[in-house]
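The values are calculated or read from the model by the stated rules, or taken from the named source; none is laboratory data. This structure is a prediction, so every number in the text was calculated from the model and none was measured. We place every Cβ from the backbone using ideal geometry, glycine too, and count neighbours over all the protein chains shown. Please note that ligands, DNA and RNA were not included when accessible areas were found on the heavy atoms of the full protein model with its side chains. Shrake-Rupley method; radii C 1.70, N 1.55, O 1.52, S 1.80 Å.
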Amino acid sequence: MKFLVTIAISLTCSATLAADLTIKITNVEETTGTIYIAIWKDETNWPAGEPWRGYTTAVQAPETNYTLDIEEGIYAVSVFQDLNGNAKLDRNAIGLPREPYGISNDAPARFGPPKWQKMTFRVGAEGYTAELKLR
Amino acid sequence: MNRRELLLGSAASTGFAALPSRAAPLDETYQSFHRNLLTKPWLRLYEGVHEEDTGYQLCEVEGTWPAGLVGSLYRNGPGRMERDGRRYQHWFDGDGLLQRWWIDGNGAVLHRARLIQTTKYLADERRNELSRVGFGTHSNDPIPGPPGTEGLNVANISILPRADELWALWEGGAPWRINPQTLRTTGLLALSDETSGLPFSAHPRVESDGTVWNFGYFSPRNMMIIWRLRPGDIEPKIWLHLTEPMSMPHDFLITKNHLVIPLPPLHFELQEDMTTFLDAHVWHPELPVQVMVLDKNDPNKRFNVELPTQWIFHYANAWEDEQGAIRFEGPSFDNPNLMFDTFRAIMRGSTPSLAYTSQLTRYTVDTRRQTATQEAIGPTDVSSEFPVIDQRLTGARYRWLTMLSQNASASTQGKLGMFNGVSRINLDTGAVGSFQYPTEEAPEEHLFVPKPGSQSETDGWLLGTSLDYVNLRTHLNVFELEQALPKMVARATLPKLMPLGLHGKFVAAT
């Protein structure tokens, strides 16, 4: 009985708090490989830890869209295009990306990883479209 | 005078300036520069070009051009300074302009200049707007540029000739590949996956066997990269050194056994409110220069020695004796204020308060005791920069050094970021010979070009450009060398003024 109540509460909550997050990835130059999407919810995990959720999607040029249900809240998104199918973002000898990548809010990464405050956005009840431009 | 008259006055001065095409307000640097340009002819040296490609133009030759001096002088430097009413705030931010002086061997000298089409340049071109961030340019309203170091890389410092192409070099990014005939930019250089996008700085050293050594640095990760490209190697070899705090090294040296990278105490100290890469650096006058000395046979092996606090842009050459003593020379400055003050002031059209005041200095590193010393050499009333040697002696014993010079009595030029002479110094005897340019001519780096078949570092010509900012002419000058004294024997004249540039290389015709 307790188990059923828990499920009922859980379903109720998700029904009331879920919203659409559309991830719109632009500047996709090649229809090659796979796009990896990382959703970040916890600043302490960014950028070296594990993202909150991870997804993959097929590549469509010049724009790839991916929509998911998500709880309302503050998030950040990072994506990369895996061109050679090795399931990771290739980097050069000092760790700078060699495959196209994008950060929510187009947060600048000129002198290191983008700052958390620059890349976060709020998903409200009406949903949110996060546009990420591949670099 | 209204704004339009002001702009027309500026445009008329060199024929290069373009009128802004939109109603948006001119930025403060642009307005200040063009207001000052009306009364300060020397500012024309820093006005910059707007034309992407000049095409080849025939120059007028005076004097007797030496028959054996055939080939191309390629020069690089900040070329495009402004776009649609906005102007870079630091001289080092100008988009790279590659120039070729082509001495064709049939008595003709031709000139062509073309802007280097970096990712940054093309992004700005598409928008017809400066991205407004750079090495020393800041905006409270920046336009996002390309990511990473490519957002700043303007490929504007120097040139490295390779087998069938040129590499246009900047300090903090990868080289841009250039066609040596058309000067067309063909792409960003990526020699291997591992080294793709790594900084390759602007003063590589080439050994007599063709091996290229260089360093690069990436300050946010305190990472120093050592590069070696041997003839025949498919991929370059690199070594990484964590170097904390990171400095802003501009040049380095090689000997038969070692690599020497002096690190002046200008430290990268990233702040939240950092405005530009330059302003992320703090000068520490209380700290010494840390000199990294690396084993050339195993660049993982390293020790540091210290030199007194100073700033140095360029070194002439280094060599190592049998006792393990490394000697090298270069013009020493008390601090890097020129970079923070003068090279910004001239972009606003202000007359800077600082002059070039350097002292040619000899440095000695004892690799066995791991100590370093220095002594002033050469005249004390002459400032110098752009030291060059007979490049065949890179890393080996040498006796002659050529440099741009400026007498203390002519310090006005120094304040304006200019020199007024070219000097040769015999490092063994101290003998100095100089050629003084007229006051309205600003010389640029002069190179030693060996005569065909010569073996001696005195058996050659000096080849260098000078900019007549009053009569709007650019000259390519040739000097014969009689002992230390350079004697001008011919010059080719381009009937327009090019911007004051930085470094070049001569490629002899084969």
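So, with a 1.4 angstrom probe, what is the percent of accessible area on the protein assembly as shown that is carbon and sulfur?
Answer for the protein assembly as shown: carbon and sulfur cover 49 percent of the accessible area.
Could you name the aspartates and glutamates in cross-link range of B:K451, using Cα to Cα under 13 Å and dropping any fewer than eight places away on the same chain?
Cα-Cα hits under 13 Å: B:D390, B:D459, B:E480.
If you take the beta carbon distance between B:A508 and B:N128 as r and set R0 to 51 Å, what does 1/(1 + (r/R0)^6) give as a FRET efficiency, to the nearest 0.05? Walk me through the numbers on the way to the answer.
Working: r = 40 Å, r/R0 = 0.78.
Plugging the Cβ-Cβ distance into 1/(1 + (r/R0)^6) gives 0.80.
Tell me the label-point distance for the pair B:D273, B:K237, using the 7 Å Cα-to-Cβ offset, in nm and rounded to one decimal.
The modelled label-to-label distance comes out at 4.8 nm.
Give the peptides B:72-78, B:310-316 in descending order of average Cβ contacts within 10 Å, highest first.
Going by the mean number of other Cβ atoms within 10 Å, highest first, we get B:72-78, B:310-316.
For chains A and B, what's the summed buried accessible area, probe 1.4 Å, to the nearest 100 square angstrom?
Using a 1.4 Å probe, the pair buries roughly 1500 Å².
Quick check: pseudo-label points 7 Å beyond the Cα along Cα→Cβ at B:T380 and A:K133, how many nm apart are they?
Label at B:T380, label at A:K133, 5.7 nm between them.
Threshold 20 Å², probe 1.4 Å: give the residues of segment B:189-213, in number order, that are less accessible with all protein chains present than with their chain alone.
Residues passing the criterion (a loss of at least 20 Å², heavy atoms only) are B:D193, B:E194, B:S196, B:L198.
Please work out the FRET efficiency for the pair A:T44 and A:N105, using the Cβ-Cβ distance as r and a Förster radius of 25 Å; give the result to the nearest 0.05.
The formula returns an efficiency of 0.80 here.
At 1.4 Å probe size, with every protein chain present, just tell me what the per residue accessible area of segment B:292-347 comes to in Å².
In whole numbers, segment B:292-347 has 32 Å² accessible per residue.
What average count of beta carbons from other chains do you get within 10 Å of the Cβ of residues in B:422-429?
Mean inter-chain Cβ contacts per residue within 10 Å come to 0.
Using 17 Å as the cut-off for backbone N distance, which residues of segment B:179-219 belong to the label zone defined by a point 7 Å from the Cα of B:N304 along Cα→Cβ?
Those under the cut-off are B:217-219.
Relative to the longest principal axis of chain A, what angle (0 to 90°, nearest 10) does the C-alpha long axis of helix A:2-17 take?
Compared with the principal axis, the helix lies near 60 degrees.
Mind checking the dipole of segment B:3-508: about its Cα centre, +1 per Lys or Arg Cβ, -1 per Asp or Glu Cβ, Debye to the nearest 20?
Details: 47 positive and 59 negative charges, 147 e Å.
Using only the charged Cβ atoms, the result is roughly 700 debye.
Looking only at other chains, what is the average number of their beta-carbon atoms within 10 angstrom of each beta-carbon in A:93-100?
6
What is the distance, in nm, between label points placed 7 Å from the Cα along the Cα-to-Cβ direction at A:E71 and at B:T373?
Distance between the two pseudo-spin positions: 7.1 nm.
In deg cm²/dmol, rounded to 500, what helix-only [θ] at 222 nm does chain B give when every DSSP H run of at least 4 residues adds -39500 (n - 2.57) and the total is split over its residues?
Details: 5 runs with 42 residues, N = 510.
Roughly -2500 deg cm²/dmol at 222 nm, from the helical runs in chain B.
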